[in-house]
1. Pairs, please: C-beta under 8 Å, at least 6 apart or cross-chain, first residue on the phi > 0 side of the Ramachandran plot and in segment 47-76, second crowded, with 16+ Cβ neighbours inside 10 Å?
2. Determine which single condition residue 138 fails, assuming it passes every other condition in (1) open to solvent by 50 Å² or more (accessible area, probe 1.4 Å); (2) not in a strand (DSSP E or B); (3) not aliphatic (A, V, I, L, M).
3. Would you check if there is a residue in segment 92-104 being modelled with pLDDT under 95 and over 19 Å from residue 128 (Cα atoms)?
4. Hey, can you tell me all the residues within segment 81-96 that are closer than 13 Å to residue 68 by Cβ and of a type outside the set (Val, Ile, Thr)?
5. Just one of the numbered conditions (1) under 23 Å from residue 138 (Cβ atoms); (2) over 15 Å from the mean Cα position of the chain (by Cα) is not true of residue 112; which one?
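The values are calculated or read from the model by the stated rules, or taken from the named source; none is laboratory data. None of these values were measured; they are calculated from a predicted model. Here Cβ is always computed from backbone atoms with ideal geometry, including for glycine, and neighbour counts include all displayed protein chains. In case anyone asks, the SASA skips ligands and DNA or RNA and just uses the protein heavy atoms, side chains included. Shrake-Rupley method; radii C 1.70, N 1.55, O 1.52, S 1.80 Å.
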Amino acid sequence: MRSDASTAPSRDDAAASPKALSPCGGGPAHRLESTSESGPGRHHDSAPVSLSISELAHRCQVSTRSLRYYEEQGLLFPSRNAVGHRRYRAKDADCVGFIQCLYGAGLPSDLIRTVVQEWKLPDSAPRIEALLRTRHAELSREAEELHSKLTGLEAVLNAVTGSS
(Lines give C-alpha, C1' and ligand atoms only; values in the text may rest on other atoms or scores of the structure.)
Protein backbone atom coordinates (compact mmCIF):
# COMPACT_ATOMS: atom_id res chain seq x y z
CA MET A 1 0.00 0.00 0.00
CA ARG A 2 1.43 3.36 -1.04
CA SER A 3 1.34 6.10 1.54
CA ASP A 4 1.35 9.77 0.64
CA ALA A 5 2.68 10.61 4.07
CA SER A 6 6.20 10.80 2.66
CA THR A 7 5.17 13.63 0.32
CA ALA A 8 3.65 15.70 3.08
CA PRO A 9 5.80 17.69 5.42
CA SER A 10 5.82 16.66 9.03
CA ARG A 11 5.67 18.74 12.19
CA ASP A 12 7.34 18.11 15.49
CA ASP A 13 3.96 17.92 17.18
CA ALA A 14 2.55 15.34 14.76
CA ALA A 15 2.27 12.89 17.62
CA ALA A 16 0.24 15.31 19.73
CA SER A 17 -2.32 13.95 22.12
CA PRO A 18 -5.58 13.24 20.26
CA LYS A 19 -7.53 15.39 22.70
CA ALA A 20 -5.37 18.36 21.71
CA LEU A 21 -6.33 18.03 18.05
CA SER A 22 -8.76 20.44 16.48
CA PRO A 23 -10.38 18.60 13.58
CA CYS A 24 -11.50 20.01 10.28
CA GLY A 25 -15.11 20.80 9.71
CA GLY A 26 -16.26 21.26 13.28
CA GLY A 27 -18.53 18.31 13.65
CA PRO A 28 -19.76 16.51 16.71
CA ALA A 29 -17.93 16.26 19.99
CA HIS A 30 -15.69 13.22 19.62
CA ARG A 31 -12.71 11.99 21.53
CA LEU A 32 -10.68 14.20 19.21
CA GLU A 33 -12.61 17.13 20.57
CA SER A 34 -12.01 20.65 19.39
CA THR A 35 -11.16 23.24 21.99
CA SER A 36 -13.80 25.58 20.57
CA GLU A 37 -17.47 25.03 19.90
CA SER A 38 -17.14 25.58 16.18
CA GLY A 39 -14.40 23.86 14.27
CA PRO A 40 -12.31 25.15 11.41
CA GLY A 41 -14.86 24.17 8.78
CA ARG A 42 -17.63 26.36 10.15
CA HIS A 43 -18.51 29.52 8.24
CA HIS A 44 -20.56 31.31 10.88
CA ASP A 45 -17.81 33.37 12.50
CA SER A 46 -19.08 36.85 13.27
CA ALA A 47 -15.86 38.43 12.00
CA PRO A 48 -13.84 35.85 10.08
CA VAL A 49 -10.19 36.63 9.56
CA SER A 50 -9.11 36.25 5.96
CA LEU A 51 -5.56 34.97 5.55
CA SER A 52 -3.44 34.69 2.44
CA ILE A 53 -1.74 31.40 1.68
CA SER A 54 1.59 32.74 2.94
CA GLU A 55 -0.01 34.01 6.16
CA LEU A 56 -1.63 30.63 6.85
CA ALA A 57 1.60 28.82 5.97
CA HIS A 58 3.52 30.99 8.41
CA ARG A 59 0.89 30.56 11.14
CA CYS A 60 0.94 26.76 10.71
CA GLN A 61 4.68 26.47 10.09
CA VAL A 62 4.15 24.62 6.81
CA SER A 63 5.05 25.48 3.24
CA THR A 64 2.64 27.12 0.82
CA ARG A 65 3.20 24.03 -1.34
CA SER A 66 1.79 21.89 1.48
CA LEU A 67 -1.35 24.03 1.59
CA ARG A 68 -1.74 23.74 -2.18
CA TYR A 69 -1.23 19.97 -1.89
CA TYR A 70 -3.92 19.75 0.81
CA GLU A 71 -6.28 21.63 -1.51
CA GLU A 72 -5.41 19.29 -4.41
CA GLN A 73 -6.12 16.31 -2.15
CA GLY A 74 -9.53 17.69 -1.15
CA LEU A 75 -8.48 18.38 2.43
CA LEU A 76 -8.70 22.20 2.46
CA PHE A 77 -11.18 24.42 0.64
CA PRO A 78 -10.00 28.03 0.51
CA SER A 79 -12.19 30.71 -0.95
CA ARG A 80 -10.89 33.00 -3.68
CA ASN A 81 -10.82 36.77 -3.71
CA ALA A 82 -11.74 38.93 -6.72
CA VAL A 83 -8.37 38.36 -8.39
CA GLY A 84 -8.35 34.63 -7.69
CA HIS A 85 -5.97 34.49 -4.73
CA ARG A 86 -6.66 31.88 -2.08
CA ARG A 87 -8.16 33.19 1.15
CA TYR A 88 -8.34 31.16 4.35
CA ARG A 89 -10.21 31.58 7.60
CA ALA A 90 -8.18 31.74 10.81
CA LYS A 91 -9.76 28.44 11.89
CA ASP A 92 -8.28 26.72 8.82
CA ALA A 93 -5.07 26.66 10.88
CA ASP A 94 -6.77 24.10 13.15
CA CYS A 95 -7.59 21.98 10.13
CA VAL A 96 -4.00 22.16 8.87
CA GLY A 97 -2.75 21.08 12.29
CA PHE A 98 -5.19 18.16 12.31
CA ILE A 99 -4.08 17.13 8.80
CA GLN A 100 -0.43 17.33 9.86
CA CYS A 101 -1.12 15.09 12.86
CA LEU A 102 -2.86 12.55 10.65
CA TYR A 103 0.05 12.52 8.18
CA GLY A 104 2.46 12.23 11.09
CA ALA A 105 0.49 9.22 12.32
CA GLY A 106 1.11 7.46 9.01
CA LEU A 107 -2.23 7.98 7.31
CA PRO A 108 -2.24 8.35 3.51
CA SER A 109 -4.05 11.24 1.82
CA ASP A 110 -7.07 9.18 0.82
CA LEU A 111 -7.68 8.06 4.39
CA ILE A 112 -7.11 11.57 5.73
CA ARG A 113 -9.68 12.88 3.25
CA THR A 114 -12.16 10.27 4.48
CA VAL A 115 -11.52 11.15 8.14
CA VAL A 116 -11.88 14.88 7.44
CA GLN A 117 -15.13 14.31 5.51
CA GLU A 118 -16.51 11.93 8.14
CA TRP A 119 -15.73 14.41 10.91
CA LYS A 120 -18.29 16.80 9.43
CA LEU A 121 -21.09 14.23 9.74
CA PRO A 122 -23.18 13.59 12.85
CA ASP A 123 -22.40 10.53 14.96
CA SER A 124 -19.21 9.85 13.04
CA ALA A 125 -17.00 8.91 16.00
CA PRO A 126 -17.56 5.14 15.65
CA ARG A 127 -16.81 5.24 11.90
CA ILE A 128 -13.69 7.34 12.40
CA GLU A 129 -12.55 5.07 15.21
CA ALA A 130 -13.01 2.01 12.97
CA LEU A 131 -10.99 3.64 10.18
CA LEU A 132 -8.18 4.58 12.54
CA ARG A 133 -8.14 1.17 14.25
CA THR A 134 -7.88 -0.50 10.84
CA ARG A 135 -4.92 1.70 9.94
CA HIS A 136 -3.37 0.98 13.35
CA ALA A 137 -3.65 -2.76 12.69
CA GLU A 138 -2.06 -2.33 9.25
CA LEU A 139 0.86 -0.37 10.68
CA SER A 140 1.25 -2.92 13.49
CA ARG A 141 1.50 -5.74 10.93
CA GLU A 142 4.07 -3.74 8.95
CA ALA A 143 6.08 -3.14 12.13
CA GLU A 144 6.02 -6.86 12.97
CA GLU A 145 7.20 -7.70 9.45
CA LEU A 146 10.04 -5.18 9.72
CA HIS A 147 11.02 -6.55 13.13
CA SER A 148 11.14 -10.06 11.68
CA LYS A 149 13.32 -8.85 8.80
CA LEU A 150 15.65 -7.07 11.22
CA THR A 151 15.98 -10.22 13.31
CA GLY A 152 16.80 -12.21 10.18
CA LEU A 153 19.33 -9.62 9.05
CA GLU A 154 20.99 -9.66 12.48
CA ALA A 155 21.31 -13.45 12.25
CA VAL A 156 22.92 -13.15 8.81
CA LEU A 157 25.27 -10.41 10.04
CA ASN A 158 26.23 -12.58 13.02
CA ALA A 159 26.93 -15.51 10.72
CA VAL A 160 29.02 -13.37 8.38
CA THR A 161 31.02 -11.71 11.19
CA GLY A 162 31.27 -14.82 13.37
CA SER A 163 29.54 -13.00 16.25
CA SER A 164 26.88 -14.46 18.46
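1. Matching pairs, first to second residue: 61/11; 74/113.
2. With (1) open to solvent by 50 Å² or more (accessible area, probe 1.4 Å); (2) not in a strand (DSSP E or B); (3) not aliphatic (A, V, I, L, M) applied to residue 138, the lone miss is (1).
3. Yes; the residues of segment 92-104 include at least one that is modelled with pLDDT under 95 and over 19 Å from residue 128 (Cα atoms).
4. Within segment 81-96, 85, 86, 88 meet the criteria.
5. Evaluating residue 112 over (1) under 23 Å from residue 138 (Cβ atoms); (2) over 15 Å from the mean Cα position of the chain (by Cα) leaves (2) as the failure.
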